[in-house]
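Okay, so here's the structure we're looking at.
The values are calculated or read from the model by the stated rules, or taken from the named source; none is laboratory data. For clarity, every value in this text was computed on a predicted model and none was experimentally measured. In this analysis, Cβ positions are derived from the backbone assuming ideal geometry, glycine residues included, and neighbour counts consider all displayed protein chains. Note: areas computed on protein heavy atoms with side chains; ligands, DNA, RNA excluded. Shrake-Rupley method; radii C 1.70, N 1.55, O 1.52, S 1.80 Å.
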Amino acid sequence: ALARSFLFVPGHRPERFAKALASGADAVIIDLEDAVPLDAKDTARSALLSAWADFDADQRARLLVRVNPAGTPWHEADLAAVASLSDLGALMLPKAENPQQLEHAFTACGVPVLPLIESAEGVGQMDAIARASCVLRLGLGHLDLQADLRIICGPDEAEIAPIRLAMVVASRRAHLPAPVDGVTTATTDADVLARDAQRSRRFGFGAKLCIHPAQVAGVHQALAPTEAECDWACRV
């Protein structure tokens with residue numbers, strides 16, 4: 001619930017699981033959705049199940065599984081697989097659009113749910129989603145959201161600033177931890193990552209999704225308290 005970095009690793013690439021866990025990321029998301037080709041969905045699910053015995057208790061607590069969205073052909077099989085994973089930290093539900101989807105996933109798997117807001121309907125239902133009893137914290141899938149809204153953001157993503165603020169407000173009203181901001185696609189540009197992560201912090205986000213291990217340290221640095229803030233806290 002208080003992780004700052006969430007690192008994705010493709011579910012059909014089990015040789016990368018250990019590297020992701022050793023990256024320093026607070027949490028690792030084994031992805032069965034966007035990072036997996038359509039013809040590898042079953043392979044990814046099987047790889048996850050086969051690898052689970054290799055994880056110790058501490059590693060399992062840091063792991064999430066992103067399943068395929070409700071309404072897709074793979075959703076129910078993904079939930080069934082996740083239900084068999086003991087000690088899983090949380091389930092990530094992409095394209096969440098109503099509390100009923102979350103409750104169904106929680107009932108099927110028995111672990112907290114981190115819903116990704118990635119559509120106009122998800123934005124419209126954000127307060128209700130945040131108040132669902134099974135929700136760990138909210139996450140923003142801003143790339144798919146832009147596609148659904150048919151908008152094109154500039155580098156500062158000012159076009160979706162109201163949605164970021166609304167997500168922080170919804171989280172606060174529901175007494176959730178600060179939400180998780182979306183990915184930075186520029187995996188080799190530290191300046192772009194720092195800019196994006198600093199924006200996350202200014203908006204009140206407490207974490208950020210990562211798509212490469214090299215992004216983890218930059219996210220941690222940007223989301224950490226500043227030296228001045230630490231000095232102030234010590235004085236107080």
Charges on Cβ only, +1 for Lys and Arg, -1 for Asp and Glu, centred on the Cα centroid of the chain; of 161, 145, 94, which one is farthest towards the dipole's positive end? 161
Heavy-atom accessible area ranking, 1.4 Å probe, most first, across 157, 15, 229: 15, 229, 157
Residues in the stretch 145-174 reached by a label modelled at residue 127 [backbone nitrogen below 19 Å; 7 Å Cα→Cβ]: 162-174
Carbon and sulfur: what percent of the chain's accessible surface (1.4 Å probe)? 55 percent
CD proxy at 222 nm, helix term only [per DSSP H run n ≥ 4: -39500 (n - 2.57); per residue of the chain; nearest 500]: -12000 deg cm²/dmol
Return the Cα extents of the stretch 159-236 along principal axes one, two and three, sorted largest first, each rounded to a whole Å. 39, 30, 20
How many percent of all Cα-Cα pairs in the stretch 28-172 sit more than 29 Å apart? 17 percent
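In what sequence, highest mean first, do 41-49, 27-35, 69-77 appear when ranked by Cβ atoms within 10 angstrom?
Working: 41-49: 18.6, 27-35: 24.6, 69-77: 15.8.
Result, highest mean Cβ count within 10 Å first: 27-35, 41-49, 69-77.
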